[in-house]
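Read the structure below first, then the notes.
The values are calculated or read from the model by the stated rules, or taken from the named source; none is laboratory data. Keep in mind that this is a model prediction, so the values were computed, not measured. Cβ atoms come from the backbone with ideal geometry, glycine included; neighbour counts cover every protein chain shown.
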Amino acid sequence: MTRTPLVAGNWKMNGVPDSASELRAMIDALKGGGHCDVLVCPPFPLIGAFVGDAADSGVEIGAQDCHFNEKGAHTGDVSPALLAAIGASAVILGHSERRADHGEADALVKAKAQAALAAGLLPIICVGETEAQRDSGQAEATVLAQLDGSLPDDAGIVVAYEPVWAIGTGRVPENADIAAMHAAIRKAVVGRYGEAGQGIRLLYGGSVKPGNAAEIFAIDDVDGGLIGGASLKADDFLGIIRAA
Ligand code: 13P
């Protein structure tokens, strides 16, 4: 089964209104491209403007989180229905920073994923072990347990494997370790969804840079990347997109 690679930028809590110039530089450089899917996920307040800037460019705009309800008394939260209505097409869910900063557990991530799917958004579900879990030989068991609890009923998702210890550190697992984890994730999603699991894109995230992207994306069952720091600057992000 062929899977179109996806390179997704997670801007995290970075970006100012002027950052649209970086997005426009990416869009200009990608004109006529189209060898992989490109997604940019800025903070909530920038989504609407970015959707306008990216119209008809092929670059999709997404969010970094959403609530599991369509509307209601949830101060500070944003519903998937609103995200879809303003033109977002995807949402990152269960990022390790949300699991750590906001105590998000697997069941909540699953509820958000179900709601995102119902709203027509593509959920990008993040999983990954801590350094202590890897050092104690628990990396795969940790990730499989996260998948077990976080995956929604429908296969219309993307999974991002992001070892917590590789995020923002400049450290990347050995290729063989990425390959082994992605093979285990593939087996899990096929076990869960049957043949449809073969179509799910599995992204690697954690210190992906223009210099290491080609090598990482060449690993079996790595169908693109979820990029943090290097997605903020057009030149770096474009270098990674070209590697995909
Ligand atoms: P870095 O690319 O900055 O390591 O961040 C990865 C990440 O957390 C993307 O969601």
Inset, instruction - Could you check residue 208 against (1) surrounded by 20 or more Cβ atoms within 10 Å (Cβ to Cβ); (2) at pLDDT 95 or above; (3) more than 26 Å from residue 18 (Cβ to Cβ); (4) out of contact with any Cys (no Cβ under 9 Å at 6 or more places or on another chain) and say which number it fails? - result: (3)
Inset, instruction - Scan the stretch 186-228 residue by residue and report those that are over 19 Å from residue 37 (Cβ atoms), within 16 Å of the ligand (Cβ to nearest atom) and part of a helix (DSSP H, G or I). - result: 211, 212, 215
Legend entry - Within the stretch 214-238, considering residues that are small (Gly, Ala, Ser) and more than 15 Å from residue 10 (Cβ to Cβ), the one surrounded by the fewest Cβ atoms within 10 Å (Cβ to Cβ): 218
Inset, instruction - Look at the stretch 229-238 and say how many of its residues are within 14 Å of the ligand (Cβ to nearest atom), in a helix (DSSP H, G or I) and not acidic (Asp, Glu). - result: 4
Inset, instruction - Identify all residues within the stretch 159-179 that are under 17 Å from the mean Cα position of the chain (by Cα) and away from the ligand (no atom under 12 Å from the Cβ); write none if there are none. - result: 159, 178
Legend entry - Index of the failed condition, residue 168 passing every other in (1) part of a loop (DSSP other than H, G, I, E, B); (2) of a type in the set (Gly, Ala, Ser); (3) buried (at least 18 other Cβ atoms within 10 Å of the Cβ): (3)
Inset, instruction - Take residue 241 and decide whether it is within 16 Å of the ligand (Cβ to nearest atom), buried (at least 22 other Cβ atoms within 10 Å of the Cβ), part of a helix (DSSP H, G or I) and in contact (Cβ under 8 Å) with a residue 60 or more places away in the chain. - result: yes
Inset, instruction - Name every residue in the stretch 38-53 that is more than 16 Å from the ligand (Cβ to nearest atom) and in contact (Cβ under 8 Å) with a residue 40 or more places away in the chain, in order of residue number. - result: 47
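Kindly provide the set of residues from the stretch 77-102 that are within 16 Å of the ligand (Cβ to nearest atom) and over 14 Å from the mean Cα position of the chain (by Cα), ordered by number. Give the derivation first.
Taking the stretch 77-102 first, the residues within 16 Å of the ligand (Cβ to nearest atom) are 90-102.
Across the stretch 77-102, the qualifying residues are 99, 100, 101, 102.
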Legend entry - Residue ID - surrounded by the fewest Cβ atoms within 10 Å (Cβ to Cβ), chosen from residues in the stretch 87-131 that are assigned to a helix (DSSP H, G or I) and touching a strand residue (DSSP E or B) at 6+ places or on another chain (Cβ under 7 Å): 117
Legend entry - Pairs where the first residue, in the stretch 195-215, is in contact (Cβ under 8 Å) with a residue 12 or more places away in the chain and the second is among the basic types (Lys, Arg) and within 13 Å of the ligand (Cβ to nearest atom), C-beta under 8 Å, 6+ apart: 206/171; 207/171
